[in-house]
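**Q** Here it is, the structure in full.
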């Protein structure tokens, strides 16, 4: 499931803005994974290993806002590919697995 692109309903904890529309983000980590930031090349790490993400838009704000977190049971750590403007897990926290309504097939 890592790097899958999923469609999900934003959890209530993410606030009222956009609650009426599903979002599409990438699965970066699953329950038990530890996410941290960043290595010398600006890459996030999953379980201590830097993650190559050739799909992200590197313009705008980088990934420095990502705090070290262990993904809780029943949750996913979802990030947008346009990290500079995405309101995602880096700011709003993990998403319940039950919020996922589909997997995008590319």
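**Q** Among the residues of the range 90-106, count how many are surrounded by 14 or more Cβ atoms within 10 Å (Cβ to Cβ), touching a strand residue (DSSP E or B) at 6+ places or on another chain (Cβ under 7 Å) and over 18 Å from residue 52 (Cα atoms).
**A** So the count comes out to 6.
**Q** Evaluate the range 94-106: report whether one residue or more is over 21 Å from residue 15 (Cβ atoms) and modelled with pLDDT under 90.
**A** Yes, because at least one residue in the range 94-106 is over 21 Å from residue 15 (Cβ atoms) and modelled with pLDDT under 90.
The values are calculated or read from the model by the stated rules, or taken from the named source; none is laboratory data. Note that the structure is a prediction, hence the values are computed from the model and not measured. Here the Cβ is made from the backbone with ideal geometry for all residues, glycine too, and neighbour counts use every protein chain on show.
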